[in-house]
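The values are calculated or read from the model by the stated rules, or taken from the named source; none is laboratory data. The structure presented is a predicted model; accordingly, all values stated were derived computationally and were not measured. Using ideal geometry, Cβ is built from the backbone for each residue, glycine included, and neighbour counts are taken over all protein chains shown. Side chains included, ligands, DNA and RNA excluded: accessible areas come from the protein's heavy atoms. Shrake-Rupley method; radii C 1.70, N 1.55, O 1.52, S 1.80 Å.
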Amino acid sequence: MLFTLKSVIPFCLLLSLGMAVISCTDALPEEKGLKDWSEFPIGGAVNIEAVLEDAKLQQIIKQNFNSLTATNDMKMHHVLDADGTFVWGKVDTLVAFCKKNKQHLFGHTLIWHEATPAWVTEKAVEDSLWLRDFLKEYVTTYVTHCKGDVVAWDVVNAAFESHGGAYRESVWYKVLGKEYIADAFRYAHTADPSADLFYNDYNIERDTIKLHSVLKMITALQKENVPITGIGFQMHLRMDVPDETIAYALKKAADTGLKIHLSEVDIIFNTHNDRKYGGQQQYETLTEEMKQRQANKYKNLVKIYRTTVPKEQQYGITFWDFTDRDTWIRSFFKLKDWPTVFDENLNPKPAYYGFVEGLKEQL
């Protein structure tokens, strides 16, 4: 059994800390999961091989999520061999898993500088015309293969620098200019007109300069009738990001009329410089007080989303590596942290129940 009263009581013996205490003394019904408390899709990001080897992880996924995103299995460097041949194994396995469990599959991601293989970059630098043709063929072939099975795509991911308003100087931008973004959306829409198409980025919930630059680009795409239907906020949050800043960002994005997806949610205690191994360790131990603060942050995030984004634009909230055991934060930033709603033993944390409270609370 996944949730038992015995397993959750230790998390609930929390002191009154001058804040709303998330109460979980009454265990949630075992047949219910996060998706059952929500009016919009709740997703999890997964490595499909790891899922198939872990029965408890499968149970968490089936109980809590009605949408799945691949952490890495659908990125270019995983689906394309060096000779340009597509490798469909993991993609097709994900599709089959989602069909079996009646879950949506969200495609992540078509074009991302970090997932661009070195051989593509080398060819692109030598021949700009080749890269333009490659972009069209790659997006068209990939989206066509997944037509009807993938409900939405992050078409372009992180096309702006980590901070500020500049376009990222990726090979795509250097060789093709910013037009590669519009072209990628057009190719994806032609291949599957029914799929929702998102632009996805990070730090836009806290860096207002970057936010406004992204929104300026999106407004321009809309004026050019580019078939973009959504904006993805990765939402790799820090505990010190003010709720007011998050609400402002979501409101400005919702004003575009596009669907809003919180696409890669986790909430860390420590800080980092956005670069690999750039973690700054400030907390060595996870205390009960920290668990409670994180629970309230998750609760507030859900409430901000529900109150700021109109219902018809609420595409959903997706957790990224939703257990502290599997979180990408630790390996990427070389940082000890506890950013998710399940602990190292795959048991729900106060953050889990805070998220539920944010879903349930009357607004």
task = Put one equal scatterer on each alpha carbon of the stretch 253-296, apply the Debye formula with no solvent term, and list log10 I(q)/I(0) at q = 0.18, 0.20, 0.21, 0.30 1/Å to two decimals.
result = -0.76, -0.83, -0.85, -1.08
request  = Have a look at 139, 225, 195 and report the one farthest towards the positive end of the charge dipole of the stretch 130-254, computed about the Cα centre with Cβ charges (Lys/Arg +1, Asp/Glu -1).
outcome  = 225
query = Arranged from highest to lowest average of other beta-carbon atoms within 10 Å per residue, in what order do the peptides 98-104, 278-284 appear?
reply = 98-104, 278-284
key: Hits among aspartates and glutamates - C-alpha to C-alpha of residue 259 under 19 Å, sequence gap 8 or more where chains match   = 39, 154, 192, 196, 201, 205, 224, 312
query = Any idea what the dipole of the stretch 210-363 comes to, in debye rounded to 20, about its Cα centre with Lys/Arg Cβ at +1 and Asp/Glu Cβ at -1?
reply = 420
query = Of all the accessible heavy-atom surface of the stretch 34-172, with the other protein chains kept in place and a 1.4 Å probe, what percent is carbon and sulfur?
reply = 49
ask   = Say the cut-off is 31 Å between C-alpha atoms; which of 99/252; 100/174; 174/276; 100/252 go over it?
value = 99/252; 100/174; 100/252
ask   = What list of ³J(HN,Hα) couplings, whole Hz, do you get for the stretch 259-264 from phi and the Karplus terms 6.51, -1.76, 1.60, once you set θ to phi - 60° and write x for glycine and proline?
value = 6, 10, 10, 7, 9, 8
query = Can you tell which of 341, 305, 352 lies farthest toward the positive end of the dipole of the stretch 302-363, using +1 and -1 charges on the Cβ of basic and acidic side chains (Lys, Arg; Asp, Glu)?
reply = 305
note = Total charge of the residues flanking residue 279 in space, meaning their Cβ is under 11 Å from its Cβ, with Lys and Arg +1 and Asp and Glu -1, is +3
ask   = What is the dipole size for the stretch 47-138, taken about its Cα centre, with +1 at each Lys and Arg Cβ and -1 at each Asp and Glu Cβ, in debye to the nearest 20?
value = 680
note = Of all DSSP beta bridges having both residues in the chain, the percent classed as antiparallel (nearest 5) is 10
Over 30 Å (Cα to Cα) - which of 147/349; 35/223; 35/75 fall in this group = 147/349; 35/223
ask   = In nanometres, what is the gap between the two model label sites at residue 360 and residue 126, each 7 Å from Cα along Cα-to-Cβ?
value = 6.1
key: Charge dipole (debye, nearest 20) of the stretch 297-363; +1 at Cβ of Lys and Arg, -1 at Cβ of Asp and Glu   = 180
inquiry  = Before I look further, what does the chain give for accessible area per residue, probe 1.4 Å, in whole square angstrom?
reply    = 42
Over the chain: helical MRE at 222 nm, DSSP H runs n ≥ 4 each giving -39500 (n - 2.57), nearest 500 = -12500 deg cm²/dmol
